[in-house]
1. What spacing in nm lies between the two simple spin-label points modelled at residue 346 and residue 30, each 7 Å away from Cα in the Cβ direction?
2. Beta carbons within 10 angstrom, averaged per residue: use that to sort the peptides 307-320, 363-376, highest first.
3. If 18, 68, 121 are ordered by their accessible area, calculated over protein heavy atoms with a 1.4 Å probe, which sequence runs from highest to lowest?
4. Using 19 Å as the cut-off for backbone N distance, which residues of the range 506-531 belong to the label zone defined by a point 7 Å from the Cα of residue 538 along Cα→Cβ?
5. If you take all C-alpha pairs in the range 255-332, what percent of them are over 15 Å apart?
6. Working with all protein chains in place, sort 306, 272 by solvent-accessible area computed with a 1.4 Å probe, largest first.
7. Can you give the FRET efficiency for residue 192 and residue 371, using 1/(1 + (r/R0)^6), R0 = 22 Å, r = Cβ-Cβ distance, to the nearest 0.05?
8. Net charge near residue 563: determine it from the other residues with C-beta under 13 Å of the C-beta of residue 563, scoring Lys and Arg +1 and Asp and Glu -1.
Amino acid sequence: MNDSTNDNPTTFVVQAAFRDAWDAFYAWEQEYCRESIQNLALQELEEDEDDEDEWEIGDSETLTADGFCIQQYQNGRTVTSWLPVEVIEVTALFPECSAYESSPLVSRSVFHGDDPDSMSFIPFADDPRFIEIPQDGDQLHHTYYKEFEWQTLDDPDTEIVISAAAQNLMDLNNMTLEEIDKTDVFPLHMQEIVNLGRRRDLLPWLTTSFSRPEFGYGAREISTFCNNLNCLVSHCMVHWEYSPIPVKQIPKKKNIRLSDDISGPCSANCFLHGNPPYIETHWTPEDIEALHVMLDHAPDITPCELTTICRKPCREIFKRRCAYIPDDLVDTLPRQRPPMRSRNLKIRDTDHHAFTPNIPCEHDGPCDAHSGCLCFQNSTHCMRNCQCAGHRKPCIRRRTGCDCSTRECRKKPCSCFMENKECDPELCHKGRARYLDDCTICKNMAIQCGRQKAVEVKDSQWGLGLYLLEPAEKDDYIIEYVGELIFEPSVDTRCDLARHRKRNYMFELNKTLTVDSTYLSNESRYINHSKRPNCRSMTKLVNGEHRIGIYANRRVQPGEELLFDYGDNFFQSD
């Protein structure tokens, strides 16, 4: 508990709640540990008089070159048996492998941020070749850290206790997260507890996860779901620092128009078959709330799509949609006119060297200097997840998308291509981009759709290399370069290790983040360097975040090794 000299009564209330939470936790922990230990104790089995083949293995003799002795306890007597051992000498059955660090395969980059200030262990402690001599003005490697990790071990139970104390303060004292933070009693900020509570297992002491009180059950479930179009998964590991609740959308389609984008019935219970007599399934209050939350944030989604999410018959979902969003309500809702674009609008999100995407803005009023809009401060477009979308007056900073209905979006007329962006499936091609899975029209959505080529890692002239297994035409997307997203301080500390290993997998993403494929990667990290490359790397803005794609410079045949130019900066830093 932080020491505080503040005489504010609110501070005393928070301190008392924090103390009560610790007392309740310790009282529960003793009984929980006692039960856990008892469950680990050996359970005595009931003896079966008819079963004479039961036996237990006791202490065995020391293993020798010939075998070892086993003592069997059977029917109250000891039976000793000898188990011979066959020794097989294995010599040179496997070829020697090249020196590479193993790394788990990932399909998306994972946000890591900064390495801890504490050092977990001394790197290369058993390697005399690792000499901590600063190069080019760099500092010694161990001076990047403050202490060893074992010197500052954090108590993971603190998060649970803070969650319980904060939940009691909100339920019993009607306090907000901001009021709790102002007391400076808890060692962690409330937003950290909210984010951590979504991504860690709860002890049986807490029956529900900590969440903001203004959100209902269904909204709490959605709060763990990343609504960035690059993710659309729960417990996202890329945008874990900020997972905004989606903005409620205004319905545009009447119930009679929901069938316009459907080619045919989804099942025998599809709403397209009408409403014949049938026995309706049981809907719990949680089921109804989940459907209403879906309709609040995606009101024009079809019942055929909702039947997969809600696991209810399509016609029943349509019936409840008609009751929740009647046609006369759609007629009375205000319509947003297209925003008037200002010629003085400053946008600089086309160059990844000078721009880092910000989190979605969340404020009252228009996106200008007076509202503290993050998109305005960063001179970028507002994204689909920005909270300014809920205002009646449309935001002038929002992108409009391209309309290259007869082009491939890989040439100059496409505004998205010219701005180093991938097309937005909700904005480009008048909203038809989301249905272009056959790639017949839009070819500027390859990264977000995962349309990579088949590749294989095998021996190369420079150790291991990456080879293409299918033909690729010029400008075709091949694969994405993925890894850990780290900040500049972590780049400095990892460069010492990369220099010693003589293998560097760090790739600059923008002025703030770097992609490091040393400990997390896919096959792309095995692409070797060449001054005559057959592919190139391009950093594109994909649905509000930078991602690195590898594209073909020319036609590449199957079996050909993929090579691209690392750049002069790579070898200078090495």
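1. For the pair residue 346/residue 30, the computed spacing is 6.4 nm.
2. Working: 307-320: 18.6, 363-376: 15.8.
Highest mean packing first, the order is 307-320, 363-376.
3. Sorted descending by solvent-accessible area, the residues read 121, 68, 18.
4. Under cut-off, by backbone N: 508-510, 524.
5. Details: 1597 of 3003 pairs.
Above the 15 Å cut-off, the range 255-332 has 53 percent of its Cα pairs.
6. Numbers: 306 0, 272 70 Å².
Correct descending sequence by accessible area is 272, 306.
7. Numbers: r = 25 Å, r/R0 = 1.16.
My answer for the efficiency is 0.30.
8. Values: positive: 531, 532, 536, 554; negative: 560, 561, 565.
Result for the neighbourhood of residue 563: +1.
The values are calculated or read from the model by the stated rules, or taken from the named source; none is laboratory data. In this text, all values refer to a predicted model and were calculated from it rather than measured experimentally. Note that we place each Cβ from the backbone using ideal geometry, even for glycine, and neighbour counts take in every protein chain shown. Surface areas here come from the heavy atoms of the whole protein model, side chains and all, with no ligands, DNA or RNA. Shrake-Rupley method; radii C 1.70, N 1.55, O 1.52, S 1.80 Å.
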